[in-house]
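Q: Dropping the structure in here first, questions after.
The values are calculated or read from the model by the stated rules, or taken from the named source; none is laboratory data. Here the structure is a predicted model, which is why all the values come from computation and not from measurement. Neighbour counts are summed over all protein chains in view; Cβ atoms, including those assigned to glycine, are modelled from backbone coordinates with ideal geometry.
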Amino acid sequence: MRYIFSLVIAFIFLSMPGQSQPATQYLIKLKNKTGTPFSIDRPQEFLSQRAIERRQKQGIAIVENDLPVNPAYLDSIASVENVTVKNVSKWLNQVCIVTSDVTALDRIAQFTFVQGAQRVLRQGLFPSVMRPKLDLDLKDAREVTGVRGMTSLDYGLSEKQVTIHKGDFLHDKGFTGRGVLISIIDAGYTNYMTLPAFDSIRLNGRILDTYDFVANKVSVNDAHNHGMQCLSIMAANVPGQMIGTAPGASYLLYRSEDGGYESPAEEQYWIAAAERSDSAGADVVTTSLGYTTFNNPAFDYTYNDMNGTTTIISRGAAIAASKGMIMLVAAGNDGNKSWHYIGTPADAFGVLTVGAVDVNGDPGAFSSYGPSSDGRQKPEVSSVGVATYVQGPSGNFQSGNGTSFATPNLAGLVACLWQAFPEFTSQEIMDVVIRSSNRYSNPDFKMGYGIPDFETAYNSLDRERTRRMAEKVLDGNNLVIFPNPVNSLARIVLKPQSTGEFSIALYDMSGRLFFRQKQTLTAGEVRIIPFSKNTLVAGIYILKIQNGSEQYSRKIVIE
């Protein structure tokens, strides 16, 4: 990054004995993890069992960046006078410190394990203002009534933001996110402990962890409404008023955003939150934050920086995605401004970047544009971020605009889909969500591949699940009947070696023909054919499948 500087130059510039400066935060980049007491062979010492199992299910190895920062290195840095360790990133092997002592960096520079330093926050020199990304155009919705549709859930106000994706199809099948752990990394969750939308997750113990990485405290029931509103889009469960997209899921609530002051330090806070999400075993992470400019203009990004590798937060988001979590990121709300591009980490590799549409599928004027500066498709998908219904801070429900709201709306449904198909990897779930979208064959840089259809996604995964099961049943064979013996229904699983019209016939042991049909089959393609015993009497039968070049024969036992 342009504001990474060498320790030698930085220390000459900053080291003025006897002087102090406002409280300043630095990232201390470490050279290695040599001598760490942790080992990738003992992951239970630094990862939850849930996190370990998530990796195992997806064939993801535990690697060096999973290891915590060397505790001896942390102790050495913390021992420097006038230095406080703010937080740590094991993935990027760096430590965030706070100091007002201009000589502290000189002393840290003497440690042989230190590679470099980067200033990320110097308070008191620039105006503290609310950044536009957290500004919300909220309207009171107390006079708005929901419409009960044909679904089993009485969504109330949120019905259209769910049904545009056919999310009700998943809910009606019983997939509401149960057993899926969603992490929200945002700006605060004011009053979530008392607001009615969250009664369900509170009373059922489905808020599993909270932490404020800005203030370094456990409570997140303050600071800002933004995270609380994003949470409500997924977790709300007030029938007839508002039901979210994942009312059955469990949640991690993390604050990384200082709503009143913009600095690259927040990127480090975000990475610390993402690492905690991973270690806790999160399946889905949704974040409605993005960075382009800062209170100190020296830190500002350019569009060229939106390439997925330049910013701290985009590198962290890509690592998070590599751990098997599904990462959903808001595209940004600058589409109708001079900077109309996506922010970061929306540019990250491996994440689903989400644009905003209204309930009719028309894009929001404010929704930021892609592509990333290196030409990748961004955003990938879109969801309802125009007049999206949320829990208001005073107990009423409101509507508001922003890709901030589109992102959790989609994240909840992604969680429900993964609940239905837990054997699929994070990448497979993301791929099918993209392929189900209404502009998949004609994407653009405003809506991406468009609006995902979760009925289409479900049916696609269901077919793939059946195919995989059939492959497993075949186990190298070309024809299998299961179950066999048959007491009611069975399946004929066939994988022919040639393409053509095949005759499928059933005989008894005396050679009497009971039925015959013809089907066109494709070489190497698994075909599953339902089989019912119907009026067949108990006994042994012979199934013959053949064409001009190949023939298969199997016994079927009818009970």
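Q: In region 30-52, what residues are in a loop (DSSP other than H, G, I, E, B) and free of Cβ contacts under 8 Å to residues at least 60 places away in the same chain?
A: Taking region 30-52 as the starting set, the residues that turn out to be in a loop (DSSP other than H, G, I, E, B) are 31-42, 46-48.
Passing the criteria: 35, 36, 37, 38, 39, 40, 41, 42.
Q: When you scan region 336-356, how many residues do you find that are assigned to a loop (DSSP other than H, G, I, E, B) and touching a helix residue (DSSP H, G or I) at 6+ places or on another chain (Cβ under 6 Å)?
A: Count: 6.
Q: Return the residues of region 224-267 that are within 14 Å of residue 408 (Cβ to Cβ) and among the basic types (Lys, Arg); say none if nothing qualifies.
A: none
Q: Return the residues of region 238-265 that are within 30 Å of residue 26 (Cβ to Cβ) and modelled with pLDDT of 95 or more; say none if nothing qualifies.
A: 252, 253, 254, 255, 256 - these are the residues of region 238-265 that are within 30 Å of residue 26 (Cβ to Cβ) and modelled with pLDDT of 95 or more.
Q: On to the next question. Quick one: which of 282, 320 is within 11 Å of the chain's Cα centre (by Cα), touching a residue at least 24 places away in the same chain (Cβ under 8 Å), in a loop (DSSP other than H, G, I, E, B) and buried (at least 23 other Cβ atoms within 10 Å of the Cβ)? Write out each step before concluding.
A: Values: 320 fails: in a loop (DSSP other than H, G, I, E, B).
From the options 282, 320, the qualifying one is 282.
Q: Next up: Of all residues in region 316-372, count the ones that are of a type in the set (Gly, Ala, Ser) and over 30 Å from residue 279 (Cβ atoms). Explain how you work it out, then say what you get.
A: Going through region 316-372, the residues of a type in the set (Gly, Ala, Ser) turn out to be 316-318, 320-322, 324, 330-332, 335, 338, 343, 346, 348, 350, 355-356, 361, 364-365, 367-368, 370, 372.
Filter again for over 30 Å from residue 279 (Cβ atoms), leaving 335, 338, 355-356, 361, 364-365, 367-368, 370.
Going through region 316-372 one residue at a time, the tally reaches 10.
Q: So which residues in region 53-80 are free of Cβ contacts under 8 Å to residues at least 24 places away in the same chain and surrounded by 14 or more Cβ atoms within 10 Å (Cβ to Cβ), if there are any at all?
A: The answer is 62, 74.
Q: Pairs needed: first member in region 84-101, closer than 19 Å to residue 35 by Cβ and assigned by TED's automatic domain parsing to the domain that holds residue 62; second member anywhere, hydroxyl-bearing (Ser, Thr, Tyr) and outside any strand (DSSP E or B); C-beta distance under 8 Å; at least 6 residues apart or different chains.
A: 95/73
Q: When the residues of region 529-559 are narrowed to those that are in a loop (DSSP other than H, G, I, E, B) and touching a strand residue (DSSP E or B) at 6+ places or on another chain (Cβ under 6 Å), which ends up surrounded by the fewest Cβ atoms within 10 Å (Cβ to Cβ)? Spell out the reasoning first.
A: First pass over region 529-559, keeping only residues in a loop (DSSP other than H, G, I, E, B): 533-538, 547-550, 559.
Adding the requirement that they be touching a strand residue (DSSP E or B) at 6+ places or on another chain (Cβ under 6 Å) leaves 533, 536, 538, 547.
On the way: 533: 17, 536: 15, 538: 11, 547: 16.
So the residue we want is 538.
Q: Quick check: is even one residue across region 342-360 surrounded by fewer than 24 Cβ atoms within 10 Å (Cβ to Cβ), over 20 Å from residue 118 (Cβ atoms), within 15 Å of the chain's Cα centre (by Cα) and of a type in the set (Gly, Ala, Ser)?
A: Within region 342-360 (the criterion being surrounded by fewer than 24 Cβ atoms within 10 Å (Cβ to Cβ), over 20 Å from residue 118 (Cβ atoms), within 15 Å of the chain's Cα centre (by Cα) and of a type in the set (Gly, Ala, Ser)), the answer is yes, since at least one residue qualifies.
Q: Which condition does residue 350 not pass, out of (1) under 22 Å from residue 264 (Cβ atoms); (2) in contact with a Phe, Trp or Tyr (Cβ under 8 Å, 6 or more places away or on another chain); (3) not basic (Lys, Arg), if it passes all the others?
A: With respect to (1) under 22 Å from residue 264 (Cβ atoms); (2) in contact with a Phe, Trp or Tyr (Cβ under 8 Å, 6 or more places away or on another chain); (3) not basic (Lys, Arg), residue 350 is out only on (2).
Q: Continuing with this model, one more query. Please go through region 157-215 and give me each residue that is β-branched (Val, Ile, Thr) and without any contact (Cβ under 8 Å) to a residue 60 or more places away in the chain, ordered by number.
A: 163, 194, 201, 207, 210, 214
Q: Yes or no: residue 441 at pLDDT 95 or above, surrounded by fewer than 21 Cβ atoms within 10 Å (Cβ to Cβ) and among the hydroxyl-bearing types (Ser, Thr, Tyr)?
A: When the stated conditions are applied, residue 441 passes them.
Q: Which condition breaks for residue 396 when tested against (1) touching a Lys or Arg at 6+ places or on another chain (Cβ under 8 Å); (2) modelled with pLDDT of 95 or more?
A: With respect to (1) touching a Lys or Arg at 6+ places or on another chain (Cβ under 8 Å); (2) modelled with pLDDT of 95 or more, residue 396 is out only on (2).
Q: Tell me whether region 496-503 contains one or more residues that are in contact with a Phe, Trp or Tyr (Cβ under 6 Å, 6 or more places away or on another chain) and either outside any loop (DSSP other than H, G, I, E, B) or farther than 26 Å from residue 535 by Cβ (or both).
A: Within region 496-503, not a single residue is in contact with a Phe, Trp or Tyr (Cβ under 6 Å, 6 or more places away or on another chain) and either outside any loop (DSSP other than H, G, I, E, B) or farther than 26 Å from residue 535 by Cβ (or both).
Q: Hey, any hits in region 411-431 for a residue that's β-branched (Val, Ile, Thr), in contact (Cβ under 8 Å) with a residue 24 or more places away in the chain and within 22 Å of residue 341 (Cβ to Cβ)?
A: No, because not a single residue in region 411-431 is β-branched (Val, Ile, Thr), in contact (Cβ under 8 Å) with a residue 24 or more places away in the chain and within 22 Å of residue 341 (Cβ to Cβ).
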